[in-house]
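Just below is one structure, and these are the notes that go with it.
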């Protein structure tokens, strides 16, 4: 499966994150959501909390880690002040994946993203405090 078709979400039984293919099962209004893990050697699915579903962008950070929706990225991009840290969140905006800085209305397309300077440090679901200004 291509990375961009993966998603991650938290399991309902233990709250751990799982990555794989998303499956929705059941009647409208009573459906349940599952992820078939990408590492599974046998076919099985884990029930997940649908409010935690995050789609993969298909891109990787400077450490080779996949970047997902709601991830928080950290980077040092100012040549004059390399100690200054920039933090951005990954969101779907209009027609594509974008990054957005806290307190800013501007969105930068993730396709133009400089992955060599950024790494995933958390996500909006587990670590929203990482974006506090």
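General observations
- Options 73, 43; residue that is loosely packed, with under 11 Cβ neighbours inside 10 Å and either farther than 27 Å from residue 132 by Cα or touching a strand residue (DSSP E or B) at 6+ places or on another chain (Cβ under 9 Å) (or both): 43
- Segments classed as strands (runs of 3 or more DSSP E), wholly inside segment 32-108, with at least 1 members that are in the same structural domain as residue 19 (by TED's automatic domain parsing) and more than 19 Å from the chain's Cα centre (by Cα): 32-37
- Residue that is surrounded by the fewest Cβ atoms within 10 Å (Cβ to Cβ), among those in segment 89-115 that are within 18 Å of residue 4 (Cβ to Cβ) and touching a helix residue (DSSP H, G or I) at 6+ places or on another chain (Cβ under 8 Å): 96
The values are calculated or read from the model by the stated rules, or taken from the named source; none is laboratory data. Predicted model only: the values in this text are computed from it and were never measured. Every residue, glycine as well, gets a Cβ built from its backbone with ideal geometry; the counts of neighbours run over all protein chains shown.
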